[in-house]
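Enquirer: Before I ask anything, let me first share the structure, which is written out below as structure tokens.
A short reminder: the numbers here are calculations on the coordinates, not readings from a lab. Treat the numbers as computed from the prediction; the structure is a model and nothing was measured. Quick reminder, even Gly has a Cβ in these numbers, built from the backbone with ideal geometry, and neighbours come from all protein chains shown.
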Amino acid sequence: MAHQQLYIDGVWQEAQSKETREIINPYNQEVIATAAEAGREEAKTAIAAARRAFDEGTWKNTPANERGEIVSEIGRLIRRDREELAQLETWDSGKTVEESRADMDDIANVFLYFGGIADKDGGEVIPSPIPDSESKVVREPVGVCGQITPWNYPLLQASWKLAPALAAGNTLIMKPSEITPLTTVKVFKLMEEAGVPAGVANLVLGKGADAGAELAENTDVDLISFTGGIETGKKIMQAASVNMKNLALELGGKNPNIVFADADFETAVDQAMNAVFFHAGQVCSAGARLLVEESIHDAVVEELVKRAENMKLGDGFKEDTMSGPLISAEHRDKVEKYVEIGKEEGAKLVTGGSRPADAELQNGFFYLPTIFTECTSDMRIVQEEVFGPVLTIEKFNGADEAVEKANDTIYGLAGAVFTQDIGKAQDTAARLRMGTVWINDFHPYFAQAPWGGYKQSGIGRELGKTGLEEYTEVKHVYRNTNPEPVGWFG
Ligand SMILES: NC(=O)c1ccc[n+]([C@@H]2O[C@H](COP(=O)([O-])OP(=O)(O)OC[C@H]3O[C@@H](n4cnc5c(N)ncnc54)[C@H](O)[C@@H]3O)[C@@H](O)[C@H]2O)c1
Ligand SMILES: C[N+](C)(C)CC=O
């Protein structure tokens, strides 16, 4: 059983308090590792190291192509160690190893993408309206970045922050979820191997309320980038106001999946299953809210129930496992509470709604794929993020009603439209207030395209060119090419 340490100023170390935490496999509750548990003191030490490294300027003044080469090298090392990383992720999060392998491929691509664009922005000369002058707009690193990530896509969400922050010349302190630190620790070892200098990238492991809160509050941090739940996001936003930190928030969603009657039936049903039950529904963009045109509603429900009841839950390492467990006992309790709320609100439970009975699954945090019909927009089970394998189904007639229902939420992360009428698809997509809209598909995301939410799903964007720009400040440099006194004061 491996022990994981903090990484501060280029040194692997224990917490000053010597506190540690057990890391649990959610499939069987076995302890798979221990980790040093940082508190505020360790976070402060890490912030001081990142501050010093930024102010000394070695990394920000390294030519952008050289920084990019180091970031790309991290991507290549992730490809080299793909299988080890995928296995760690499955142990730690319970997701199937096939999903973890796909995550590692995405993560390597994220480092290669940001490594590749690190030296592509040469600034912009703008036509100055003032004679005898020149005007240039350049982008510079923001400074010291605090980065906080969740447990559902542990390394993937970390990579969306680490790669652009490094490529843009910042220094950083990462705090992964205390539940799932293993792959992030391993990638810090790869970052060291790739040549990221001491002090530039620091890692603190520990609870959000201590180490995480310090990153959000500390006035030596210039930018805080957070991925997680909306309530934590509100606390981070408030804390960030202390010194007007730059702020990036990637929060939750309650993502509508609209299926029109003219959709290809097999594709729509197959994708609706994938939309909500992938990774046991623990996906920010899960299609947990299905809107089905009335004429095909009953056929869709019948097919979904059949498929949900055939889903094989189990050990993420077994080839026939379709879905692993929920992350923790506490999280399963939350999902169970929501199912009770749904029943009390009058939604009709048509399958699931309990823990599985299989002997093999009793030590893990499993929950059966669950479907509610007869749902209405005013129900909490329809409006709030359950973050588990729970699907609500509503009926609609026509695009106007579908759009009105889909937009009737505080969230605006993602949504999908299934129809064979491309005009209707594009018109509907244009009317949805969401950061990502998929047409005849669900879930794709990749390094080149921006990701983030409208409304209360977040602030800012990760990935794509915008994801790099988030880690920069914009500076206008104006030069008087014929300087002479202005004579205003005589
Ligand atoms: N929009 C996206 O791209 C995206 C991606 C993945 C997950 N999510 C969201 O993440 C949530 C699930 O993750 P979670 O349960 O780990 O979320 P969470 O908010 O409980 O925790 C996320 C991180 O914040 C830390 N934290 C907790 N309290 C803190 C505080 N007061 N100050 C600073 N840090 C604190 C935690 O330790 C963890 O590292 C869901 O709502 C999901 O939708 C969003
Ligand atoms: C952003 N994504 C879809 C990879 C993970 C959300 O939880």
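Enquirer: Name the residues in region 195-236 that are touching a Leu at 6+ places or on another chain (Cβ under 6 Å) and assigned to a helix (DSSP H, G or I), would you?
Expert: Those that are touching a Leu at 6+ places or on another chain (Cβ under 6 Å) and assigned to a helix (DSSP H, G or I): ILE230, GLY233.
Enquirer: Within region 376-393, can you find the residues that are part of a loop (DSSP other than H, G, I, E, B) and of a type outside the set (S, T, N, Q)? First the steps, then the outcome.
Expert: Keep residues of region 376-393 that are part of a loop (DSSP other than H, G, I, E, B), which gives 376-379, 384-389.
Residues satisfying the conditions are ASP378, MET379, GLU384, GLU385, VAL386, PHE387, GLY388, PRO389.
Enquirer: Taking into account only those residues within region 32-55 that are free of Cβ contacts under 8 Å to residues at least 40 places away in the same chain and more than 17 Å from VAL185 (Cα to Cα), which is surrounded by the fewest Cβ atoms within 10 Å (Cβ to Cβ)?
Expert: Top of the filtered list is ASP55.
Enquirer: Then there's this: Filter region 2-50 down to residues that are acidic (Asp, Glu), outside any helix (DSSP H, G or I) and in contact with a helix residue (DSSP H, G or I) (Cβ under 8 Å, 6 or more places away or on another chain), then give me how many there are. Quick ask: steps written out before the conclusion?
Expert: First, pick out the residues of region 2-50 that are acidic (Asp, Glu): 9, 14, 19, 22, 30, 37, 41-42.
In the following step, the residues that additionally are outside any helix (DSSP H, G or I) were identified as 9, 14, 19, 22, 30, 37.
Now drop any that are not in contact with a helix residue (DSSP H, G or I) (Cβ under 8 Å, 6 or more places away or on another chain), which leaves 9.
Residues meeting the conditions: 1.
Enquirer: Could you list, in sequence order, the residues of region 213-244 that are of a type in the set (Ser, Thr, Tyr), closer than 15 Å to GLN147 by Cβ and more than 10 Å from ligand 1 (Cβ to nearest atom)?
Expert: First, pick out the residues of region 213-244 that are of a type in the set (Ser, Thr, Tyr): 219, 225, 227, 232, 241.
Now restrict to residues that are closer than 15 Å to GLN147 by Cβ: 225, 227, 232.
Selection gives SER225 alone.
Enquirer: For region 433-444, give me the residue count where each residue is in contact (Cβ under 8 Å) with a residue 40 or more places away in the chain and not in a strand (DSSP E or B).
Expert: Step one: list which residues in region 433-444 are in contact (Cβ under 8 Å) with a residue 40 or more places away in the chain, which gives 434, 436, 440-443.
Remaining after also requiring not in a strand (DSSP E or B): 434, 440-443.
Total meeting the criteria: 5.
Enquirer: Further question on the same structure: Is it the case that some residue within region 220-229 is within 24 Å of GLY353 (Cα to Cα) and buried (at least 18 other Cβ atoms within 10 Å of the Cβ)? If you could, list the steps in order and put the result at the bottom.
Expert: Looking only at region 220-229, we keep the residues that are within 24 Å of GLY353 (Cα to Cα), and these are 229.
From what's left, buried (at least 18 other Cβ atoms within 10 Å of the Cβ): none.
The answer is no, given that none of the residues of region 220-229 is within 24 Å of GLY353 (Cα to Cα) and buried (at least 18 other Cβ atoms within 10 Å of the Cβ).
Enquirer: So which residues in region 124-157 are more than 16 Å from ligand 2 (Cβ to nearest atom) and in contact with a helix residue (DSSP H, G or I) (Cβ under 6 Å, 6 or more places away or on another chain), if there are any at all?
Expert: GLY143, VAL144, CYS145, GLY146
Enquirer: In region 4-18, is there at least one residue being farther than 15 Å from VAL185 by Cα and within 24 Å of the chain's Cα centre (by Cα)? Explain how you work it out, then say what you get.
Expert: Filtering region 4-18 down to residues farther than 15 Å from VAL185 by Cα leaves 16-18.
Pick out the ones that are also within 24 Å of the chain's Cα centre (by Cα) and you get none.
There is no residue in region 4-18 that is farther than 15 Å from VAL185 by Cα and within 24 Å of the chain's Cα centre (by Cα).
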